1. Leaving out ligands and nucleic acids, and using a 1.4 Å probe, what accessible area per residue does chain A come to in Å²?
2. Kindly provide the pair-distance distribution of the stretch B:86-160 built from C-alpha pairs, with 5 Å bins from 0 and whole-percent values in order of increasing distance.
3. Could you give the size of the charge dipole of the stretch A:287-416 about its Cα centre, using +1 on the Cβ of each K and R and -1 on the Cβ of each D and E, expressed in debye and rounded to the nearest 20?
4. For residue A:438 and residue A:311, FRET efficiency with R0 = 25 Å and r from the beta-carbon atoms, rounded to 0.05?
5. Kindly identify chain A as rounded, prolate or oblate by the Cα gyration tensor criterion: order the square roots of the eigenvalues as a ≥ b ≥ c, call it rounded if a/c is under 1.5, otherwise compare a/b with b/c, prolate if a/b is larger, else oblate.
6. Would you tell me the accessible area of residue A:446, worked out with a 1.4 angstrom probe on the heavy atoms of the protein chains, in Å² to the nearest 10?
7. Set the Förster radius R0 to 22 Å, insert the Cβ-Cβ distance between residue A:530 and residue A:622 as r into 1/(1 + (r/R0)^6), and round the FRET efficiency to 0.05.
8. Got a sec? What order do A:336, B:14 fall in by accessible area at 1.4 Å, biggest, i.e. largest, first?
Amino acid sequence: MTDPLSPLDRPNSYIGRTVPRPNLERLVEGRGTYVSDMTLPRMGHVVFVRSPYAHARILEIDTSVAKQAAGVIAVVTGAELVEQCSPWVGVLSHLKGLKSAPQHAMAVDRVCWQGEAVCAVVANSRAQAEDAAEQVQVRYEELEPVTDMRTALEPHIPVIHPELGDNLAFERSLDAGEVDKAFAEADAVAEAEFVFGRHTGVTLEARAVLADWNPGERRLTVYQGTQAPHMMQNIFAKHLALEEAQVRVVCKDVGGSFGIKVHVYADEMATAALSKRLKRPVKFVADRIESFVTDIHARDHVCKGRIAVKQDGTITAFAIDDLTGIGPYSMYPRTSAIEANQVVNLVGGPYQARNYRARARVVFQNKNVMCQYRAVGHPIACSVTEGLVDLAARAIGMDPLVIRSKNLIRDDAYPTDSPSGLKFEALSHHASLAKLKQMMDYDGLRAEQKRLRQQGIYRGIGIASFIEVTNPSAAFYGVGGARISSQDGVSVRMDATGAIIVQTSLTEQGQGSEALTAQVVASALGVALEKVRVILGDTDNTPYGGGTWASRGAGIGGEAAWQAGKALRMNILKVAGTILQTVPELLDIDQGVVVDKATGRERIGLDEVARITYFRPDTLPADFQAELLATRHYVPRQYPFAFTNGIQASWLEVDTETGFVTLLNHWCVEDCGTIINPQLVDEQIRGGVVQGLGAALFEHCRYDERGQLTNGTMADYLVPMASEMPDIEVGHVVSPTLESELGAKGAGEAGTAGAAAAVANAVNDALDPFDVTITEIPLTPSVILKALGQRSG
Amino acid sequence: MDKKVITLTVNGESHRLEVEARTHLADVLRDELALTGTHIGCEHGVCGACTIRVDGAITRACLLLAVQAEGAMIETIEGLSETGEIRDLQDAFRNRNALQCGYCTPAMLITAQDLLLHNPTPDRATIRDHISGNYCRCTGYQAIVDAVDTVAKARQAAGERP
Ligand code: FES
Ligand code: FES
């Protein structure tokens, strides 16, 4: 049936309305159920003995004393656990040439980073397990660690996995247009080396998993804070030698994820394997130091960039050479090459220039594993691109906003593509820029900046345009052979009282998946939001689907919810039509009541339709079967990704005496298509921006040359706190994707994509009178003072 | 490990507990009393997720050994929800979406209430300062500041004592 009413025009539509999330009450009362809160009968607690070395051979593990300690259930070494859990290799076939070595749940004969688990102690309490873990004696022979990614490929540096031949995990090159010619004919060429520190997710609830192998049922139930339960179901089955049908993954409340909790962690696999081995529930909750040394790290890039520009402001070429260090293994199953691949895809993405050359190299090192964290690759690509655009503007003496408006892809140029082959359906760079300029009062701030400089106060404005990958199709992982679903499914049913129950394959870690699903279904059906209950995060009780990652919830799971809601509405109207002896096409549902479509006259309540369907089917015609359940799935097919776009600006002050940066204001205008819940979108943007600001100014996993993490506490690893953060103004331009009826694209990563670039550009703008350019983050006081000192010295 | 017997009043209920001397109060609340609304984020006193009230003062439960709390009057998010003392803050957090994953939220609410009890008319900078010992990875803080600000103004307008 074609529906003449768009999602926004449905009677009493919740699309585009700010309503509170239905699941918040239990969380504000402290009645959530996070994995770390859970206990099961006979549950053991596992604590891991972890390597103190970045690279070492394991000579001997003596567990005899530990096994005798009070409360100990079992002590299991990595070599012993191989029986229960097979190793994995984090590669995907569409990332040509990507290689990695087999990784085990715990190290078997060699450790490759500080923090890798070598032995597990399971005891009746966590304290007992920790006590006994101290009694495990491990003898190591330390090996030379490879820590500096810049030298990792040099011939005198040891190869971490000799069977791979070298320390190069992946390399990709791209050459589009006439790059050499563009640089030769440029009026100015600017270049810089951009340095991005390693940082990490620091979810407030650390990773946690509770695995329960029940030999009686021959089923494994895993309670896990994961973003992708169906992916994990497949992985547990595959490596623990089970059928997928024997594994159930349940995902209750999750204390933050941001991409940290979408990967396969060795210690979590070990926990499940231990449960199978010991035939009882086993729980693992990382403590904070374990989080710092084992949660995936992110970024860690050195990227050389060049830009060619004409005197009239036309940018003619970009060229980059990116190097990133990913630790000793490519993560499984999403791999650690996606970020570098994204950098190659995205640099120059907002701009018209057609000449682009890129190389990215991904190298192994003896540091913690590195993988996809919120905005994967975008902050790197955006900082490099926007840093280069500012350098080009400076080289030809042009205002940063003016050079952008000269070069951003025109709003009427769509559909179009990028030199790296990205397809853009509809973006709004110029409308976004115009909106940003007005929101921030650009001209007023420039005047204020000039006035304050005369008083020795150095303030800067930084601008960053960006594009963002959202709504990923199978092009992201599926085509590379990973069993990671890019489609989502939603089932909607009406119960015997007329209430609505929705099961979705999306997951919730606070973004609002539950809320957006309820809003979409309530709108599609025509019922009050309070009538809709959403069930998610359970492989036994939801349709099969991808879960929550890569900004896909609203765009993919939301559309599936819309389609399922529509289908159920039609099913309900068929029943109502039969009862009322009319055709369903003449009816609609509004606020839980079947009405005449033309007049809105109330005909029959949904509770009555349900009552007749379930209890008096004898009153319906013999050849009519009511179906008050509908399931629909959705995946984008036309575009591999729905690109969104946006632009951010930072206004800040640099204290040139101390090197401290004070953030004064931050703006973000973005275009995520149809907005389902404005408040949730804005808060996703703000949260994302602040994660980007943390990366820009504070966050850094600092390793010494032996591969030791030197700041593994929250006192030493700085995260953004309330008093350091500015208020963030968010604006929107709306260009819906026409691929779906809802038209929603993703918004979860836009904030993180551009925030650091805006800050770095603002710092350089503030320091313009000193003629320094800093292209390194985090922009700590010492980095800034060093740059200022070098200039004067 | 030697255990000690302590007496605590938690959310108005008296408890006699046997605890090891090394066990911090957050673990006792969560593991012994199943009051899992008190969260643990770092166990070294930085993140603020374990904030509770001990004899009326906000305290990091991971920094206090249970034995040090002998005889104390302890209030957790469960108790403050039950009494209704922070109902308006809870409503404001929900309406303003001042929580995403909710893991920081119980402690954030208790910290916000502490501010409003001591300073009924805080400006935004004061609110930001007061919650600066409570880490939130999800929200970026602005929605939390807005929610607290709204409640401060509403309490003022209602002319209540805070
Ligand atoms: S858990 Fe107590 S301050 Fe972090
Ligand atoms: S809401 Fe997730 S840490 Fe604050």
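1. Accessible area per residue: 34 Å².
2. With a bin width of 5 Å, the distribution comes to 3, 18, 33, 28, 13, 4, 1.
3. Once rounded to the nearest 20, the dipole reads 380 debye.
4. 0.30
5. oblate
6. About 50 Å², rounded to the nearest 10.
7. 0.05
8. The most accessible residue leads, giving B:14, A:336.
The values are calculated or read from the model by the stated rules, or taken from the named source; none is laboratory data. Quantities reported herein were computed from a predicted structural model and do not represent experimental measurements. Counting neighbours? That spans all protein chains shown, and the Cβs are built from the backbone with ideal geometry, glycine included. These accessible areas exclude ligands, DNA and RNA; they are computed on the full protein's heavy atoms, side chains included. Shrake-Rupley method; radii C 1.70, N 1.55, O 1.52, S 1.80 Å.
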